[in-house]
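The next block holds one structure in the form of structure tokens; read it before the comments.
The values are calculated or read from the model by the stated rules, or taken from the named source; none is laboratory data. The shown structure was predicted, so the numbers you read here are calculated from the model rather than taken from an experiment. Cβ placement follows ideal geometry from the backbone for every residue including glycine, while neighbour counts extend to all protein chains displayed.
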Amino acid sequence: MIYLPVSLLLFLIFLLLLPFLWFVITLDVLEVAVAKLGFTPKIALILLLAVIVGSLINIPLYTVESKVAVVSDYMELWLRQFWGIPLRTIQQKTVVALNIGGGLIPVLLAIYELTRSNILGIVSVSAIVIAPSQAPSVAFAGGILGTLIGADVLHLKEIERMSPGVLSIGGAGVFDGIALCGLFALLLT
């Protein structure tokens, strides 16, 4: 027979311990993944902390200024459409920055892994067939660089025109994509 106060107490203890269990499992998975790259567990922990702390830091690269038309009501829009009267414009600035944890550190790791692997394996799409020992390095570098180049660098001109503020290369949602892509590339090879 199960008594409600005891089971409720055990459930609350489990809920309190769940974040710690999740953290320990994450560290173990990262150690396995980074071991495939040839790093020790201490280096893996240092890299994890560097990525987490570095994700808070952005290095400004350049600033883009643009003018945007402001429409406060439909009357102004109507005046512009039918009479050609220009709308008020405001000057907006977009700062393009490089995120340390999501952009710089993963790119440096990817370049390091590419220099350690076979040149033929880098160029080849099927690195597992040509150079199976370097497959984790090529998969990691391809996942990191592919996500960063495809999501941020190739869409830089489109994103600059969208809104003012700070555009962080390797930050926000791309950071998650880079981290997960690199991790899964290592775990699946």
Inset, instruction - Select, from GLY101, GLY182, GLY150, GLY142, the only residue that is modelled with pLDDT of 70 or more, assigned to a helix (DSSP H, G or I), within 20 Å of the chain's Cα centre (by Cα) and exposed (fewer than 15 other Cβ atoms within 10 Å of the Cβ). - result: GLY150
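Please go through segment 27-59 and pick out each residue that is within 17 Å of the chain's Cα centre (by Cα) and either of a type in the set (Val, Ile, Thr) or closer than 30 Å to GLN92 by Cα (or both).
Across segment 27-59, the qualifying residues are VAL51, ILE52, VAL53, GLY54, SER55, LEU56, ILE57, ASN58, ILE59.
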Legend entry - Unique match (being part of a helix (DSSP H, G or I) and at pLDDT 85 or above) among LEU61, LEU10, LEU77, LEU108: LEU108
